[in-house]
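Report on one structure; see the data block that follows.
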Amino acid sequence: MADRTPVPRGDSRPVPATRGPGDPQDQPAGWLAELFAPIAGFGVSFATMFRKRETEQYPEVKRPMAPRFHGRHQLNRHPDGLEKCVGCELCAWACPADAILVEGADNDDTPLEEGGTGRFSPGERYGRVYQINYLRCILCGMCIEACPTRALTMTTFYELADSSRESLIYEKHDLLAPLGEGMVPAPHPMAEGMEERDYFLGKVSEPTAAQRQWAREHQDAIGELNQRRAAQQNTDGARA
């Protein structure tokens, strides 16, 4: 009888017929193949058993992580010391675990002697409060993708275990990047002749002489301002 296997529409090539009961591929395997079939399944296990074990002496010896490893977050600074965070709260909105709390505030160029609070970032606003709850954080990295100023990045630090829940809620001072060589800690004015966009275009490479002079002249006022800010944050934390 002729093979009546249908041919797909639009294809003129013949379709091979299905295998019948007498096909050689359907014949049972020999006794030797049946004998070694169970052992072949453990081939990888047997080969691994005789390999030398590589034991890492953690925590004395820490394993180096990949450069793009998603570890603890970091709030970055500009080369002159001003903060990159502008308090836009996009990272908090993007977080699927609701682990980030951001409260923005306006930068104030009013002289500190007249009650001003100082400038912390080149933009109109800065992150006055910044918290990450690592009891909720899943280290997915969606927050750093949402950040428009590259203020928030992730480091390769992964040792986040602690003995209390409060210790795993990181505040802004815990997340801020350390001051680099020559940086002037905020608050202080922007570099002379520069606008906000100039900072993000990379035109500011280091603090100017005027910024360093301003920081030296207002060292006492900045200390008092930081004390008031710390007291206010403690009050806010107690109310929360």
*Would you confirm whether any residue within the range 122-131 is of a type in the set (V, I, T), touching a residue at least 60 places away in the same chain (Cβ under 8 Å) and surrounded by fewer than 18 Cβ atoms within 10 Å (Cβ to Cβ)?*
yes
*asked:* Return the residues of the range 84-116 that are open to solvent by 50 Å² or more (accessible area, probe 1.4 Å), touching a strand residue (DSSP E or B) at 6+ places or on another chain (Cβ under 6 Å) and either under 19 Å from Q227 (Cα atoms) or not hydrophobic (A, V, I, L, M, F, W, C) (or both); say none if nothing qualifies.
replied: E89, E103, D106
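The values are calculated or read from the model by the stated rules, or taken from the named source; none is laboratory data. These figures come from a predicted structure and were not determined experimentally. Positions of Cβ are generated from backbone atoms using ideal geometry, with glycine treated the same way; all protein chains shown enter the neighbour counts. Surface areas here come from the heavy atoms of the whole protein model, side chains and all, with no ligands, DNA or RNA. Shrake-Rupley method; radii C 1.70, N 1.55, O 1.52, S 1.80 Å.
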